[in-house]
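In what follows, a structure is listed as structure tokens, so that the remarks can point back to it.
The values are calculated or read from the model by the stated rules, or taken from the named source; none is laboratory data. The structure presented is a predicted model; accordingly, all values stated were derived computationally and were not measured. Note that we place each Cβ from the backbone using ideal geometry, even for glycine, and neighbour counts take in every protein chain shown. For the accessible areas, the whole protein counts, side chains as well, though only heavy atoms, and no ligand, DNA or RNA atoms are used. Shrake-Rupley method; radii C 1.70, N 1.55, O 1.52, S 1.80 Å.
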Amino acid sequence: MPSKKALVRRPSPRLAEGLVTHIEREKVDVELAVEQWEAYVEALGTHGWETIEVDPEDDCPDSVFVEDTVVMYKNVALITRPGAESRREETAGVEEAVARLGCSVNWIWEPGTLDGGDVLKVGDTVYVGRGGRTNAAGVQQLRAAFEPLGARVVAVPVSKVLHLKSAVTALPDGTVIGHIPMVDRPSLFPGFLSVPEESGAHVVLLGGHKLLMAASAPKTAELLTDLGHEVVTVDISEFEKLEGCVTCLSVRLRELYA
């Protein structure tokens, strides 16, 4: 049976100091961000996900974006080596959490860099964004870790956004969705569906046809509802100021062995 566990990590008190790369810095309301994070975690729980809180890293402003620290494929947890040096201390607590869950643990080693936000899994195809935070050595090491397990690894260019999953995610049927101005090469994704808002490109699959999305993409929510999906929205405005999206705030573990 598929597992429905999700790693989450409470925002750091220093969240407002988080990195921004492709957007102008805005003031972040940390108190509001904590409320939004709690509502996000509650939404996961409401839809059947068991959330597991990783020990906080209060001195790491970006640590709430837990997805960047580990990539899951089947029962293997690949601990990343984030492209931003300031984020590398975030991985130790996540490594402890996945080890406690019985995952087989592997690592990205120097000179490789890899952010989990650059990895999109669609069935056994693993797309890896090669861009600002993930380098060629990181892609090669991910390929070495996952291809023996049956993955097909496809590297794609990322230059317009922070991470691959800032540009594209996938619907339950495998259709890749994205906002065209943010996607380097839409033709690399079979069955690509263009959506009208940048934040509409980000969905978390909750199970069945349920999608978790940001409240900032109402036109996309309407489009996906018209296509037969059940859309659940959460307000993550404070995290969007730091180039965060709904995928960044959790790591979904769907294939843990019993």
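Things worth noting here:
- Relative packing of peptides 116-126, 174-184, 49-59 - highest average C-beta neighbours within 10 Å first: 116-126, 174-184, 49-59
- The Kirkwood radius of segment 4-254, taken over pairs of alpha-carbon atoms, gives through the Stokes-Einstein law at 4 °C and 1.567 mPa s a diffusion coefficient of 73 µm² s⁻¹.
- Extension gain (nm, one decimal) between Q140 and E26, 0.36 nm per residue minus Cα-Cα: 37.5 nm
- Annotation: peptides 25-36, 74-85, ranked by per-residue average of other Cβ atoms within 10 Å with the highest first, follow the order 74-85, 25-36.
- Percentage relative contact order, the chain, counting C-alpha pairs under 8 Å, at least six apart: 22
- Nearest-0.05 FRET efficiency for A39 and K74, computed from C-beta distance (R0 35 Å): 0.70
- In loop segments of segment 101-197 as defined by DSSP, the chymotrypsin sites (Phe, Trp or Tyr not before Pro) with at most 12 further C-beta atoms inside 10 Å of their C-beta are W109.
- For segment 1-158, the solvent-accessible area of protein heavy atoms averages 45 Å² per residue (probe radius 1.4 Å; ligands and nucleic acids excluded).
- DSSP beta bridges in the chain [antiparallel fraction, %, rounded to 5]: 45
- Taking every alpha-carbon pair under 8 Å whose residues sit at least 6 apart, segment 1-80 reaches a relative contact order of 45 percent.
- Rounded Å value of the spacing that divides the Cα centres of segment 144-210 and segment 1-50: 21
- The lysine pair tally for the chain, using Cα distances under 23 Å and a gap of 8 or more places or different chains, is 23.
- Sites Y257 and D59 - FRET efficiency at Förster radius 35 Å, r taken between beta-carbons, to 0.05: 0.55
- Applying 1/(1 + (r/R0)^6) with r as the Cβ-Cβ distance of T233 and W109 and R0 = 35 angstrom yields a FRET efficiency of 0.35.
- Dividing the helix sum by the residues of the chain, where each DSSP H run of 4 or more adds -39500 (n - 2.57), gives a mean residue ellipticity at 222 nm of -6000 deg cm²/dmol.
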